[in-house]
Amino acid sequence: MAKPVLVSGIQPSGRLHIGNYLGALKNFVELQDSGKYECYFFIADLHSLTEAFDPKEKPKQILELVADFLAAGLNPRKSTIFQQSQSPSHTELAWILGTLTPMGDLRRMTQFKEKSEGEKETSNIGLFYYPVLMAADILFCDAKFVPVGHDQLQHLELTRTLARKFNSKFGRTFVEPQPLLTKTPRVMSLMNPEKKMSKSQPEGCLFLDDSPEEIKKKIGRAVTDSGSEVKYDREKKPGVSNLLEILSSFTGKPILQLEKKFRGKNYATFKAAVAEEVSEKLAKFRSKKAELRNKTSALRAVLVKGSGMASVAASKKIQEAKKRIGIAL
Ligand code: LTN
């Protein structure tokens, strides 16, 4: 029996932080290495054009993300690693799916509402159309599973609806995908634990390739809460809880066990332990990334090969869809 297909993507829009790693990349590697799936992982460069960007930075961001993929453990011999824009059938499929998508469905999308807030008429159409392109990313390869965070569930639901709609209108063509939710909850900013960790506030953000000194400094300065106990309480102790959550994700140990371990210890001791664990767990990533960073031709080669493979699958699928619709003569 053929293995079920799995697909996911990340936008190339700057350095990855531990939230991206724990919420996505770490999981991608585990799924790949489980050997249970035929995996596609891609650089969602077309999606990344919906936000402000500098064309001089874009190539660096793309290659940087490939290096992140490989340094984290994705392997082009096990997974198809590709660049979205290098598979033209993706956008073609998105057009067709768009003709089945009610405007109201896209207007209701939480991500669209948030990103177009206050600029209803000037925000770009790409932001509005984003979920349809995402549906094409998933449907082109008959993916059964899509590892995503909670914030993408609504987009995945639309993908399922579009697959169903197309199939019932034109005949069975697409597989209805299911989300594979990652266990990790939201990683919050070290400086403001009520807000999601984000690269736009670098002091509160642990980047994957931060040096051990930077990690130590940032965690040392992390906001803690009143009191002195290392206890998990998202409401009353958001700062400490966030650090416990991070420590738990990196060690795989339950929060309860960690609370016990740090009972009677002060915040400084706790923070030092978190910093040490995080920088040790990222040591392998750091050195692999440093090694890969300047090998741009090898990184390019990975994308060229993967994109070729993805293009073949996508153009087969678009051909099938066109036949169903009646435009392939
Ligand atoms: N929207 C996603 C990235 C993304 C994606 C996809 C994920 C684009 N296309 C298809 C899974 C499947 C994000 O920003 N997290």
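Quick one: Debye curve from the C-alpha atoms of the chain, no solvent, what's log10 I(q)/I(0) at q = 0.10 Å⁻¹? Listed by q, the Debye log ratios stand at -0.63. All other residues whose Cβ lies under 12 angstrom from that of Leu282 are scored, Lys and Arg at +1 and Asp and Glu at -1, for a net of -1. Couplings 3J(HN,Hα) of segment 5-11, computed from phi: 8, 10, 9, 7, x, 10, 7 Hz, in residue order, whole Hz [Karplus 6.51 cos²θ - 1.76 cosθ + 1.60, θ = phi - 60°; x for Gly and Pro].
The residue list Phe270, Ser228, Phe285 was ranked by how far each Cα lies along the charge dipole of segment 218-288 toward its positive end, using unit charges on Cβ atoms, and Phe285 comes out on top.
Which FRET efficiency value, to the nearest 0.05, is calculated for Lys265 and Lys236 with the Förster distance at 22 angstrom and r the Cβ-Cβ distance?
That pair, Lys265 with Lys236, gives E of 0.70.
Rounded to the nearest whole Hz, the Karplus-based 3J(HN,Hα) values (6.51 cos²θ - 1.76 cosθ + 1.60, θ = phi - 60°) of segment 277-282 follow the sequence 5, 4, 6, 5, 5, 9, with x at glycine and proline. Look at where the Cα atoms of segment 230-248 and of segment 256-329 average out, and the two centres are 26 Å apart. Between Asp105 and Lys3, the FRET efficiency from the beta-carbon distance, with R0 = 30 Å, is close to 0.40.
Per-residue extension of 0.36 nm, minus the Cα-Cα distance of Gln201 and Glu320, leaves a gain of 38.3 nm for this segment. The alpha carbons of segment 56-109 stretch over 41, 27, 20 Å along the principal axes, in descending order. Residues whose amide H lies under 5 Å from that of Asp210, counting only those 5 or more places away or on a different chain, are absent; hydrogens are built 1.01 Å from N in the peptide plane.
Only beta bridges with both residues in the chain are counted; by DSSP, about 15 percent of them are antiparallel.
Each listed q (0.14, 0.15, 0.23 Å⁻¹) maps to a log10 I(q)/I(0) for segment 1-60, found by the Debye formula over equal Cα scatterers with no solvent: -0.49, -0.55, -0.97. When peptides 130-143, 276-289 are sorted by average Cβ neighbour count within 10 Å, with the highest value leading, the order is 130-143, 276-289. The phi-based Karplus calculation (6.51 cos²θ - 1.76 cosθ + 1.60; θ = phi - 60°) puts the 3J(HN,Hα) values of segment 30-35 at 5, 5, 4, 6, 5, x Hz, whole numbers, x for Gly and Pro. For the residue pairs Lys56/Lys317; Lys236/Lys261; Lys113/Lys295; Lys144/Lys288; Lys78/Lys316; Lys183/Lys237, the C-alpha atoms sit more than 28 angstrom apart in Lys56/Lys317; Lys113/Lys295; Lys144/Lys288. Note on Asp225 and Ala52: with the Förster distance fixed at 30 Å, the Cβ-Cβ geometry gives a FRET efficiency of about 0.30. Centre-to-centre, using Cα atoms only, segment 46-70 and segment 102-159 are separated by 20 Å.
Placing pseudo-labels 7 Å out from each Cα toward the beta carbon at Arg164 and Ser123 gives an inter-label distance of 2.6 nm.
Our analysis of segment 161-304 gives Rg over Rh at 1.14, with the two radii drawn from alpha carbon positions and Rh computed by the Kirkwood formula. Within segment 257-329, the percentage of alpha carbon pairs spaced more than 17 angstrom apart rounds to 71%.
Within segment 24-89, the trypsin sites (Lys or Arg not before Pro) that combine a DSSP coil assignment with at most 10 other C-beta atoms in a 10 angstrom radius are Lys56, Arg77. Please work out, to two decimal places, the log10 of the ratio I(q)/I(0) at q = 0.09, 0.10, 0.18, 0.22 Å⁻¹ from a Debye calculation in which every Cα of segment 1-110 carries one identical scatterer. One equal scatterer on each Cα of segment 1-110 leads to -0.28, -0.35, -1.03, -1.25.
Any read-out appearing in this document is the output of simple, stated calculations on the displayed coordinates, not a laboratory observation. Note that the coordinates shown come from a computational prediction; the quantities given were computed from them, not determined experimentally. Methodologically, a virtual Cβ is constructed for each residue, glycine included, from the backbone with ideal geometry; neighbour enumeration extends over all protein chains shown.
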